[in-house]
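What follows is a single structure, written as structure tokens, with notes after it.
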Amino acid sequence: MKKTPLYDTHVALGGKIIDFGGWALPVQYSGILNEHHAVRNTAGLFDVSHMGEILIEGSAAQEFIQRMITNDISKMSPGRIVYSPMCYRSGGTVDDLLVYQLDTNKYLLVVNAANTQKDYDWLRENCDIKDLSIKDVSADYGLIAIQGPASQKILQKLTSTSLQDIRFFRFLDNVEVSGVKVMVSRTGYTGEDGFELYVPSHQTVKLWEEIMEAGAKEGLLPAGLGARDTLRFEAALPLYGQELSPNISPLEAGLDRFVKLKKQDFIGKDALAKQSEGGLKRKLVGFEMIDRGMPRTGYKIQADDKEIGFVTSGGLAPTLKKNVGLALVKIQYSNLGDEFFIQVRGKSLKARVISTPFYVKE
């Protein structure tokens, strides 16, 4: 398994290491629920160094990225971040990613770990511009995420840069945090306020330890993949491979606000426009269990004695203390209040469509 710069730190902290898409990462330390509540109430610290970073530079960088993604970056300026799906010609999803504009002709794409090589190859295959540089720079970065309502207070102890001035989906480069120069963005994957710090690989351990020390009195906890999943799931943030895939389009996943069908041509535009005009056949919905039972990824869903879809993510939402889930179902069963049956271990258990996100921070 591949290891992040923080692997030994996780082991020393008692992290339970699992294989996550070929990476050795902690699923939990003190317990998933404990770490989840820490992020919702104070703060948690995550190692997300496995994420991929692809640098695109050149005078045609913006034009190229515009053609590759569904969102519109034409009004971007340095210091801004845009979220976007990237699609195949079929309208299915290659990945969902973040675009950081570093400079006029310089962009950093932050992609899902398991998709880094696939995304890099897809970008290269579809590039016919001579003076455009596309580099996988993932190995250069460690990535630490501090998430939760106390994040700013904790991190501010380690830098003279005013973090208050970094707005949501904005970033600052060359910020000195505890003597280490990092790129700080106000982003995350938990539904809480927080920051992600792009650190030179060899300084990741030092920075992790300094942040943990600064947050000790506030109750900062190291948090693993388990809490990362329950937190993103409560906030109804999509996970590639579950809510998005080569077989699930961003429109079906409810991400239409990130699909700009009015912009000039982009890969997948024709297929997505056809989907939009013809009306979706299926849609991602949130649901809560009426009967007692735990919905899990892949469980089949039935209504009117036929199969109508499947669960993409499901489980206990710790903040709500409810069993809920996200599911891709036929469009006629996607209205609020609609009821259907989840097939859980040979039993048909009733569930009801509810609005998402399940959790919204105050």
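The numbers here are math on the coordinates, done by the rules we state, and not lab data. For clarity, every value in this text was computed on a predicted model and none was experimentally measured. A quick note on method: Cβ atoms are made from the backbone with ideal geometry, for glycine too, and the neighbour counts reach across all protein chains shown.
Quick look at the values:
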| read-out | value |
| --- | --- |
| Rg/Rh for the chain, where both radii come from Cα atoms and Rh is the Kirkwood radius | 0.97 |
| Spatial separation of Cα centroids for the stretch 167-199 and the stretch 304-362, in angstrom | 34 Å |
| Packing-based exposure ordering (other Cβ within 10 Å, fewest first) of Phe195, Phe258 | Phe258, Phe195 |
| Relative contact order of the stretch 67-123, defined on C-alpha pairs under 8 angstrom at six or more residues apart (%) | 27 percent |
| Residues Arg89, Arg296, sorted so that the one with the fewest Cβ neighbours within 10 Å comes first | Arg89, Arg296 |
| Cut-off 18 Å (backbone N to label point 7 Å along Cα→Cβ of Ser59), residues of the stretch 94-123 | 103-107 |
| Cα-centre dipole for the stretch 281-354 with unit charges at Cβ (Lys and Arg positive, Asp and Glu negative), debye to 20 | 200 debye |
| Dimensionless Rg/Rh of the stretch 1-138 - Kirkwood Rh, Rg from C-alpha atoms | 1.04 |
| Relative contact order (%) - the chain, alpha-carbon pairs under 8 angstrom, separation at least six | 18 percent |
| Pairs from Lys260/Lys306; Lys16/Lys206; Lys217/Lys322; Lys153/Lys206; Lys269/Lys330 whose Cα-Cα separation, in the structure shown, is over 27 Å | Lys260/Lys306; Lys217/Lys322 |
| Ranking of Lys269, Lys75 by count of other Cβ atoms within 10 Å, fewest first | Lys75, Lys269 |
| Label point 7 Å beyond Cα of Ala12 along Cβ direction - residues of the stretch 189-214 with amide nitrogen under 13 Å | 204-213 |
| Residues Ser162 and Asp265, FRET efficiency given R0 of 51 Å [Cβ-Cβ distance, rounded to 0.05] | 0.80 |
| Distance-filtered residues of the stretch 220-251 - backbone nitrogen under 19 Å, label point 7 angstrom along Lys322 Cα→Cβ | 230-238 |
| Amide proton proximity set for Gly254, modelled H, under 5 Å, gap of 5+ | Leu284 |
| Distance from the stretch 8-71 to the stretch 229-257 (C-alpha centre basis), Å | 16 Å |
| Estimated inter-spin distance, Lys130 and Asp103, nm [label 7 Å along Cα→Cβ] | 2.2 nm |
